[in-house]
Amino acid sequence: MFSTLFSIYSRKSLKALIRKSVTLLEFYTNERLINHGNALHCHLIKMGLSSQKYIAVKLLIMYLDSRKSFEIDQMLKEFNGFNLVVQNCLITANLQWGNVIDACRLFDEMPERNEVSWTSLISGLLKHGNVNEAMVYFERNPFSNVFTWTATINGLVQNRLSFQAMRLCKKMLQSGVLPNDITFTTIIRACVELSDLGLGKSVLCLIVKAGFENNVCVSNSLVTLFLRLGEIDSARKTFDRMEEKDVVSWTTILDMYVEMGDLREARRMFDEMPERNEVTWSAIIARFSQSGNAEEAVKLFQQMVRHSFKPNVSCYSSVIRALATLEALQAGMNIHAHILKIGMEINVFVGSSLIDLYCKCGNTKDGRLVFDEIPEKNVVCWNSMVSGYGFNAQLEKATELFNQIPHKNNISWNSLIAGHLGIENFNEALQVFDEMILSGEQPNKSTFSSILKTCASLASLERGKYAHTKALKLGFQHDIFVGTALVDMYAKSGSIESSRKIFKRMPTKNEVVWTAMIQGLSENGFAEESLRLFEEMEKKSSIAPNELILLSVLFACSHCGLVDKGLSYFNSMEKVYGIRPNERHYTSVVDMLSRSGRLFEAEEFIKSMPLEPEANAWAALLSGCKTFGNETLAGRVAEKLSGIVETKPGGYVLLSNIYASEGRWEDVMSTRNLMNQKGIKKSGGCSWIELRNQVHLFYSQDETHTQSNEIYWVLQLFNSEIQSHLT
DNA sequence: TTAGGGTTAG
């Protein structure tokens, strides 16, 4: 492993060996590869180099960073007392561990302090959010140089206090301290944070005046500034004008294409880049993974390894995310094993992706093991586990864990709501939403998307309207997810006019919202309008019809009696739209033919089907037979249907309903008995009413409502009242 | 003291 080290050593170039060791130790610390760090430490001891000043400091930092107390003590002994450098390291470590008071005490007790001590303390305090304390020390700092100024300005930017950062920068210029390239990159970031293009341009003037316009870092920051503020042309021009470009410049511009949604161009650029490093690989893998292109992300990861690049933490978390999307459990487990083998600490990013992977593959137990192993969990880890339980219908565990989250955010709430929605616990989903509002947590677009879906499932117009008002107040009405959910909710709740209005006002329309509107119109009896909208979509948008849209189109044709039009759409499904019809499309055609009395054709159509027909297809034909009085065919179809129900439990319900509609009560009873014998449970008929913002559900033969007794008592009272009026 | 990349919900 350390062959390069030895070869350098054999050349007796001690300086190079020290430099290389320092670089390696820094890498192992940053990447949390403590096993590797330990191994290197052993080699350095053998070579008698572990006490060398620069190396010892890096070793100490590595152990402090990973909180290895035994090794820390050993290292402190090596130093033979506490010098300034060690003290500075200890202050930084204490700040990292959140021991602000200890860090300040150590600093205050130091007999002498250099400018590094001051800068470390101030920037460390800022890094960990202790802005006020940092500013007190900043005022006391006797060293007024560009390092301290820049570190403090940077700390303020990191704390999202960019306005204060810019004010401090002005003070620095007034005090006569000249900014350097790092100061400029820092204040450009502040401009990005403030979304202030004008300010950015003023900074650009300063950069030119100070002669930093050809500095690679500064130029890279400018490219990012223009990109983030939507000035794509300026970003590209700045990039093209750069005399010297490095791997960061290329990675930044690569990201530009991804953000513009042009993954192909991004890929082309990536393939042609003169230089790549692990961050470039990490960026492209992450971007493909985020854009839902998981397979490509995994391929890129394999390619990266083949090119002998060492994947870093970011790469691992991105590729695991991609594998979770693909539900590739085995591959994910291999990567997990590999990470453990190389001794990479499971940090929050890798940990959260791993939890997600295991849970998406149905293995919440292993997900939980990973969760329990993460030493310092952040809210994302908690949310991943809550949503993992929710995804696997383990709502009790999800709720239990949710209640333990130390600092919840809106995604925590959304995860629990989504869990309830997933198992159709609609009332609970609404209840969690109410609690979320009461807790003061701000719902976001995802919250509304889920809640509106819940309202749509309950056909609860009142709750839906309430959610709509809240979404309007927060300005989410133009969001595509919220808009789609609103169109669907109003359509499902029977308020199709509201759906129409929202659909019309939506600035951008995607496939899903077109589907919702076409389906909504079709299902609300506006068949002709639905077909007109479908034709409009074909003409005016670039959206290709999908399975669901075509099903709605067939449904609409069936309900307007446009049989030939419907048949022509059905026949063009595969040829024109490239969609293979499924059972539901076939059933829709059978329904269409049966409703118009083309019974023989319908029967022939079923016989010619390449797929096993749904019981519903036969039922549709049977219903046609009854409408048009074709008893011979009805007999044949009923026989067929009773044959099908043997294999498909859903068919029993259908059959018993058909018997019931014909008044054949004995047959109904025998079908029901058969169902009981076979242990088939029919999902009970369910009705509901909405009272004072609460939806009350009632199931047939199942008195689970909490006030069931009272309700039945009142019902009986009404019945006797009615009876007394009748007699 | 600095520029580019990472995890969760819809």
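Before moving on, here are some points about what is shown:
- Stretching A:R67 away from A:A393 to a fully extended chain increases their span by 113.6 nm, per 0.36 nm per residue minus the current alpha-carbon distance.
- To put it simply, the accessible area of chain A at a 1.4 Å probe is 52 percent carbon and sulfur.
- In this structure chain A gives 53 Å² per residue of accessible area when probed at 1.4 Å with all protein chains present.
- Computed from Cα positions, the angle between helix A:480-492 and the longest principal axis of chain A comes to roughly 20 degrees.
- Sequence-distant lysines (8 or more away, or on other chains) whose Cα lies within less than 23 Å of A:K237: A:K201, A:K209, A:K245
- Of the chymotrypsin sites (Phe, Trp or Tyr not before Pro) found in region A:595-637, those that fall in a DSSP loop while having at most 16 other beta-carbon atoms within 10 Å are A:F628.
- Label separation (A:Q330 vs A:E612): 2.8 nm, computed from points 7 Å beyond Cα along the C-beta direction.
- The charge dipole of chain A, taken about its Cα centre with unit charges on the Cβ atoms of Lys, Arg (+1), Asp and Glu (-1) only, comes to about 1940 debye.
- Cα lying deepest toward the dipole's positive end in chain A, options A:L554, A:C217, A:S642, charges on Cβ: A:C217
- Placing a pseudo-label 7 Å from each Cα along the Cα-to-Cβ vector at A:Q303 and A:E272 gives an inter-label distance of 1.5 nm.
- Using alpha-carbon coordinates, inclination of helix A:181-194 to the longest axis of chain A, degrees: 30 degrees
- For the pair A:M260 and A:N83, the difference between a 0.36 nm per residue extended length and the Cα-Cα distance amounts to 58.5 nm.
- Distances between placed amide hydrogens fall under 5 Å for A:M344 paired with no residue 5 or more residues away or on another chain.
- Counted charge near A:K360, where neighbours are those whose Cβ lies closer than 13 Å (Asp, Glu -1; Lys, Arg +1): -2
- Spin-label model distance (nm) - A:L173 vs A:T508, 7 Å beyond Cα toward Cβ: 3.7 nm
- The Cβ shell under 12 Å around A:G566 holds other residues with a net charge of +1, Lys and Arg each +1, Asp and Glu each -1.
- Surrounding net charge for A:Y316, when Lys and Arg each add one and Asp and Glu each subtract one, Cβ distance under 14 Å: 0
- Within straight-line cross-link reach of A:K77, lysines at Cα separation under 26 Å, skipping those fewer than 8 residues along the same chain: A:K15, A:K20, A:K46, A:K53, A:K58, A:K68
- Helix A:146-158 and the long axis of chain A differ in direction by around 10°, with both axes built from C-alpha atoms.
- Residue (of A:V203, A:G578, A:Q431) at the positive-pole extreme of chain A, dipole from beta-carbon charges: A:V203
- For A:K171, the aspartates and glutamates whose Cα falls under 14 Å of its own Cα, not counting residues fewer than eight places away in the same chain, are A:E139.
- Once you reduce region A:361-397 and region A:411-443 to the center of their Cα atoms, the two points are 17 Å from each other.
The values are calculated or read from the model by the stated rules, or taken from the named source; none is laboratory data. All values derive from a computational prediction rather than experimental measurement. Cβ atoms come from the backbone with ideal geometry, glycine included; neighbour counts cover every protein chain shown. These accessible areas exclude ligands, DNA and RNA; they are computed on the full protein's heavy atoms, side chains included. Shrake-Rupley method; radii C 1.70, N 1.55, O 1.52, S 1.80 Å.
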